[in-house]
Amino acid sequence: MLTDIARFEFRYLLRNPLPWVTAALTFALFFVSMSVDGFALGAEGGLLDNAAYATLQNYLVVSIVFMFVTTSFVANAVVRDDETGFGPIVRSTRITRVEYLVGRFLGAFAVAALCMLCVPLGTWLGTLMPWANAAALGPNRLADHVYGYFVLALPNLFVSSAVLFALATVTRSMMATYLGVVGFASGFFVLGQAFGDRPQLQTAVALADPFGARALGDATRYWTVAERNVTLPDFAGALLYNRLLWIGVAVLCLALACAAYRFAERGMSSRERKKQTLARRGSAKAPRAVQPSPLPSPRHGGAALRAMLWMRTRFEVRQVVLSPAFVVLVAWGLLTTLITLLTQRDPDGRPTYPTTLSMIPEVADGLGMIPLIVAIYYAGELVWRERSRRIHELVDASPMPSWTSVVSKTLAMAVVLTAMLLTAVAASVILQLSLGYSDLEPGKYLLWYVLPTTWDMLLLAALAVFVQALSPHKAVGWGVMVLFLVWQQLNTTVQHNLLLYGGTPYTPLSDMNGGGGFWVAAWTFRLYWGAFAALLLVAAHLLWRRGTEVRLRPRLALARRRLAGAPGWVAGAALLTFVATGGCAYYNTNVLNDYQTQGESEAQAV
């Protein structure tokens with residue numbers, strides 16, 4: 001029976017578009033990285049694009065990225081029956097608890113592992129393209145991919161899948177599972193930032209890294225470029241123990257899931273029985289005659305639209321703030337910032353005076369990519385919430401225009417991001433007070449950290465809302481945004497801030513004059529990308545799903561009608577601002593000054 005359940009889950013997921021989209025994006029990413037010069041992901045320091053070390057790095061990167069996508073495969077396998085109401089039927093059969101859980105897990109894990117095979121396929125075909133740079137490529141070695149797939153990628157996929165599957169099984173909540181993804185990923189980054197530079201903890205950090213990246217780095221630390229091009233590390237020492245440790249943790253998580261899962265239906269509590277009894281008594285009474293009253297006449301003016309926007313915004317913000325996820329994210333932001341500040345503020349043992357403007361860069365490093373992940377997560381959760389609760393037809397039948405949904409959900413994300421940044425500020429203030437520094441300067445925290453960082457995060461949130469408005473599934477939109485983040489982190493081709501979405505010049509901070517004159521250039525680019533984000537939100541409004549129609553072509557046909565009125569004026573003003581600020585930024589960057597790419601700057605330095 002276990003194999004039958006695993007086979008059913010495997011076939012069921014293959015009928016879903018998400019695995020195919022994941023496989024196509026994975027193949028395209030590595031095909032382009034091999035065939036397009038300057039886009040290699042794992043190559044560094046003169047390595048060949050398909051060097052042995054670069055290939056292993058590619059498998060590490062894709063295993064981390066897959067954690068965000070395969071959560072929908074693995075975690076949804078056990079939550080899906082409860083969400084669809086099919087769970088009681090399954091639990092009434094002769095299927096045992098272990099067969100049900102392990103079979104579902106193995107089927108979903110097999111689909112994720114199959115998608116991972118697009119990495120060697122895309123890499124191999126990319127090196128065969130006639131336009132590929134032959135000077136940057138070496139021979140294709142099957143052993144590199146076998147090592148990377150079975151030693152790094154597949155164990156990483158098994159560990160993250162088992163941990164998140166256990167979390168979904170215990171909580172029976174996809175929101176709790178997605179929070180687990182955020183915590184798992186941010187814990188990995190915090191571990192590397194907080195303890196990565198301490199030689200005395202080298203072995204402990206290598207063993208504690210769930211993805212094996214630190215163990216691989218330690219095994220190849222002193223290798224030359226020639227060795228990294230063709231040599232694979234021995235599967236021994238910290239790397240071997242790391243793999244055994246975390247595979248054991250994954251097996252333990254699966255055992256915990258099997259032990260904690262309640263296969264029988266939960267009985268009715270005494271309170272629920274009392275409510276049911278009272279409801280039955282109330283329904284037995286004779287109904288009283290109700291006099292009909294005239295309905296109020298509807299109003300459709302500007303005051304009504306403002307009232308609907310305020311009501312919807314207040315509702316969205318309340319749903320976010322009162323959810324357990326919000327409390328967990330705020331607490332996690334406070335904890336990670338405190339850990340980073342305590343361990344990384346003085347890495348060389350030289351105490352520094354904790355002034356406000358010297359603490360702001362440390363606070364930004366403390367949170368790292370957590371706000372980015374939260375922005376992407378909440379964009380998908382808020383855009384798809386009505387459909388996941390099956391109340392979208394009721395909401396879409398109301399007279400509220402689509403732009404109220406777009407604006408209110410974006411403002412709700414702004415509340416979440418601002419709250420996380422304020423908790424990071426609170427952690428910094430706590431550390432300042434503990435060190436005896438009393439000149440806290442909250443205005444500088446707000447002006448130089450909270451305001452610009454919230455703006456930058458909302459740019460990414462606007463892009464995520466637009467992607468979710470286009471995508472056929474919430475997880476597909478998440479996958480696209482994760483790949484976009486990976487591309488931004490590894491991109492070496494597009495470097496100009498006018499072309500790199502959300503790109504702004506660096507603003508150095510000084511206790512003497514704050515940001516000096518550098519903030520003018522930074523906010524010019526922020527206005528430029530803010531206008532573009534406004535255009536994306538208008539496009540999301542034009543393509544917003546209403547009712548049962550989810551196909552893209554009918555929504556495109558309605559886009560021109562939805563653009564009439566205020567959305568058209570907003571789009572025109574945003575386009576004018578985009579062109580004006582872009583022209584100003586280009587004139588100052590490329591005409592008044594000599595613009596240099598990173599490669600040109602390095603060549604000049606040499």
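The values are calculated or read from the model by the stated rules, or taken from the named source; none is laboratory data. Quantities reported herein were computed from a predicted structural model and do not represent experimental measurements. Heads up, the Cβs are rebuilt from the backbone with ideal geometry, glycines too, and the neighbour counts pull from every protein chain shown. Surface areas here come from the heavy atoms of the whole protein model, side chains and all, with no ligands, DNA or RNA. Shrake-Rupley method; radii C 1.70, N 1.55, O 1.52, S 1.80 Å.
What is the percent of Cα-Cα separations in segment 369-424 that go past 15 Å? Here the tail beyond 15 Å accounts for 54 percent of pairs. Accessible surface of segment 473-537, 1.4 Å probe: 68 percent of it comes from carbon and sulfur atoms. When the Cα centres of segment 409-481 and segment 494-514 are compared, how far apart do they sit, in Å? Between the Cα centres of segment 409-481 and segment 494-514 lies a distance of 17 Å. What is segment 469-606's relative contact order, in percent, from Cα pairs under 8 angstrom and six or more apart in sequence? Contact order relative to length: 26 percent.
Tell me the carbon and sulfur percent of the accessible area for segment 376-455, rounded to whole percent, probe radius 1.4 Å.
The value for segment 376-455 is 71 percent carbon and sulfur by accessible area.
Across segment 558-568, rounded Karplus estimates of 3J(HN,Hα) from the backbone phi angles (6.51 cos²θ - 1.76 cosθ + 1.60, θ = phi - 60°) give 8, 5, 5, 5, 6, 6, 5, x, 4, x, x Hz, Gly and Pro being marked x. Peptide packing for 443-449, 506-512, 152-158 was compared via the average number of neighbouring C-beta atoms within 10 Å per residue; ordered from the highest value, the list is 152-158, 443-449, 506-512. Counting only protein heavy atoms and a 1.4 Å probe, segment 469-606 has 57 square angstrom of accessible area per residue. Note on M129: accessible area is roughly 50 Å² with a 1.4 Å probe, heavy atoms of protein only.
The solvent-accessible area of F8, taken with every protein chain present and a 1.4 Å probe, is close to 90 Å².
Tell me whether segment 563-606 comes out rounded, prolate or oblate; compute the Cα gyration tensor, take square roots of the eigenvalues as a ≥ b ≥ c, and use a/c under 1.5 as the rounded threshold. Prolate is the answer for segment 563-606, as a/c is 1.5 or above and a/b outweighs b/c.
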